[in-house]
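*Asks:* Mind having a look at this structure? Questions to follow.
The values are calculated or read from the model by the stated rules, or taken from the named source; none is laboratory data. The model shown is predicted, which means the values in this text are computed figures rather than measured ones. Using ideal geometry, Cβ is built from the backbone for each residue, glycine included, and neighbour counts are taken over all protein chains shown. To get the accessible areas, we keep the full protein, side chains included, count just its heavy atoms, and leave off ligands, DNA and RNA. Shrake-Rupley method; radii C 1.70, N 1.55, O 1.52, S 1.80 Å.
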Amino acid sequence: MRPPVVRPRTGPVANPSQPDRAISDAGGTETLPGRIVRREGEPAVDDASVNEAYDGLGHTHALFWDAFERASVDGAGSPLEATVHYGDAYDNAFWDGSRMVFGDGDGQVFAGFTTSLSVIGHELTHGVTQYTANLVYSGQSGALNESVSDVFGALVEQHSRGHDVTEASWLIGEGIFTDEVEGTALRSLKAPGTAYDDDVLGKDPQPAHMDDFVETDDDNGGVHINSGIPNRAFYLAATSIGGNAWERAGRIWYETLTGEIKATTDFGGFADATIAVAVRLYGSESPETAAVRTAWGEVGVLS
Amino acid sequence: MKVTVTRSGGFAGITRSWHVFVEREPDEESWVVLLRKLPWDEVTREPSQPDRYLYRINCEPRARTDRPDSRDAPERILPEPREAVIPEQRLTGPWRELVDRVRERDEEKRELRPAAAPDDNT
Ligand SMILES: [Zn+2]
């Protein structure tokens with residue numbers, strides 16, 4: 001009997017500085033993952049959603065690698081996978097625990113979800129959170145989970161455009177509404193509650209301060225609502241520190257997320273953890289630490 | 001019986017709600033068949049996958065006078081109000097069928113209703 005033939009690897013050698021992407025097409029069904037239509041290194045295809053997802057995964061990988069030396073969502077170079085054209089006029093994008101999934105939108109309110117890089121960055125960050133702090137998706141820890149996705153989603157966009165804190169839009173989901181909607185984006189880190197105000201959709205319900213914290217059973221305790229409070233804290237810290245937000249404010253938030261915080265932490269626990277990280281990285285009397293402490297005070301999380 | 005479906009969460013975090021009054025539906029019997037199939041006791045709390053929808057399905061019996069003794073009245077199936085909260089990834093079988101049907105029916109009626117008319121909420 002002959003031993004099995006061992007073939008040398010012919011594919012690209014695993015390199016953590018490079019993404020390993022695969023985009024699938026669900027073809028309007030709700031069956032995941034769908035058919036693979038573009039793999040790493042393959043040329044663009046004749047489908048804008050596929051190419052937007054592919055490029056967005058690349059930009060997200062680039063932020064986490066360049067700014068935080070993190071290789072992919074698991075930190076060990078795992079493949080980055082996405083499915084587009086999920087469902088019939090499906091008005092949403094989500095993270096299913098192993099891949100990003102994008103609907104096409106209904107064409108009336110949402111024009112599609114892959115057009116916004118901050119949305120793609122937001123979804124992949126759910127993967128990073130899952131492998132690190134694993135913040136429980138309910139109540140304040142759930143709102144922190146959402147906020148962290150918005151923060152790094154915004155940073156992916158800023159990093160890819162080379163925008164510093166003054167040039168950044170601080171918006172999440174810019175461009176995903178159709179022209180019929182009165183609104184520029186889904187959320188604003190700079191001014192939570194102001195992203196849209198529309199006859200059909202209503203007004204952006206996000207609070208910007210603990211005084212306006214929303215108690216609700218819906219949305220797992222308002223995880224997409226109350227995230228406005230820690231979102232604004234990040235914006236305030238980043239703009240006070242200045243420069244490129246991913247370099248210092250982003251570093252503090254990243255090391256908090258990947259540090260010792262509990263999965264059930266509340267806003268106060270997360271705020272304390274960011275201050276502890278800032279002290280460790282920049283010193284207790286540093287402007288960075290002062291900026292972080294002041295930011296949490298301004299949104300009413302710390303007194 | 002008023003059946004209300006509330007969909008919250010999703011990436012946008014925009015809550016939407018649809019409802020149907022079963023006894024006012026032309027095919028009331030087929031709604032009753034569907035209501036009988038709902039596995040209320042199999043619903044367990046499970047965390048939502050990030051950015052997926054969370055569905056709240058509420059069935060509220062209502063006093064009626066037209067056929068109080070009918071064995072097939074929705075109130076005989078569900079004499080007390082009941083509510084189930086189901087994350088999107090668990091919304092399958094009769095639950096999914098009910099949610100899709102309530103939404104479809106409510107949106108049909110909204111299109112027929114004059115825009116200025118008050119919401120039919122009683
Ligand atoms: Zn999210």
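*Asks:* Answer yes or no: is there a residue in region A:139-161 that is open to solvent by 30 Å² or more (accessible area, probe 1.4 Å), assigned to a helix (DSSP H, G or I) and charged (D, E, K, R).
*Replies:* Yes.
*Asks:* If you go through region A:30-59 one residue at a time, how many are among the small types (Gly, Ala, Ser) and under 21 Å from residue A:126 (Cβ atoms)?
*Replies:* Qualifying residue count, region A:30-59: 5.
*Asks:* Given the options A:45, A:101, A:50, A:73, name the one that is at pLDDT 95 or above and assigned to a helix (DSSP H, G or I).
*Replies:* Matching residue, one of A:45, A:101, A:50, A:73: A:50.
*Asks:* Now for a separate question. Can you tell me which residues in region B:1-50 are more than 14 Å from every other protein chain (Cβ to nearest Cβ) and either of a type in the set (Ser, Thr, Tyr) or part of a loop (DSSP other than H, G, I, E, B) (or both)?
*Replies:* Once the filter is applied, which keeps residues that are more than 14 Å from every other protein chain (Cβ to nearest Cβ) and either of a type in the set (Ser, Thr, Tyr) or part of a loop (DSSP other than H, G, I, E, B) (or both), region B:1-50 yields B:1, B:25, B:26, B:27, B:30, B:37, B:38, B:39, B:43, B:44.
*Asks:* Turning to a different aspect of this structure: Please find, among A:132, A:125, the residue that is in contact (Cβ under 8 Å) with a residue 12 or more places away in the chain, surrounded by fewer than 24 Cβ atoms within 10 Å (Cβ to Cβ), touching a Ser or Thr at 6+ places or on another chain (Cβ under 8 Å) and outside the structural domain of residue A:104 (by TED's automatic domain parsing). Outline the logic, then answer.
*Replies:* Values: A:125 fails: surrounded by fewer than 24 Cβ atoms within 10 Å (Cβ to Cβ).
Step by step, each of A:132, A:125 is checked, and only A:132 is in contact (Cβ under 8 Å) with a residue 12 or more places away in the chain, surrounded by fewer than 24 Cβ atoms within 10 Å (Cβ to Cβ), touching a Ser or Thr at 6+ places or on another chain (Cβ under 8 Å) and outside the structural domain of residue A:104 (by TED's automatic domain parsing).
*Asks:* Here is a follow-up. Within region A:210-241, restricting attention to residues that are part of a helix (DSSP H, G or I) and acidic (Asp, Glu), which residue is nearest to the other protein chains (Cβ to nearest Cβ)?
*Replies:* Result: A:219.
*Asks:* Here's something else I'd like to know. Suppose we filter A:77, A:121, A:58, A:112 for residues that are under 22 Å from residue A:146 (Cβ atoms) and away from the ligand (no atom under 16 Å from the Cβ); which single one remains?
*Replies:* Checking each option against the conditions leaves just A:112.
*Asks:* With respect to residue A:220, is the statement that it is within 16 Å of the ligand (Cβ to nearest atom), among the polar types (S, T, N, Q) and over 27 Å from residue B:57 (Cβ atoms) true?
*Replies:* So residue A:220 does not fit the description; no.
*Asks:* Within region B:8-31, which residues are away from the ligand (no atom under 16 Å from the Cβ) and farther than 14 Å from residue B:108 by Cβ?
*Replies:* Within region B:8-31, B:16, B:17, B:22, B:23, B:28, B:29, B:30, B:31 meet the criteria.
*Asks:* If residue A:141 satisfies every condition in (1) within 29 Å of residue A:183 (Cβ to Cβ); (2) more than 15 Å from the chain's Cα centre (by Cα); (3) more than 15 Å from the ligand (Cβ to nearest atom) but one, which is the exception?
*Replies:* Result: residue A:141 passes all but (3).
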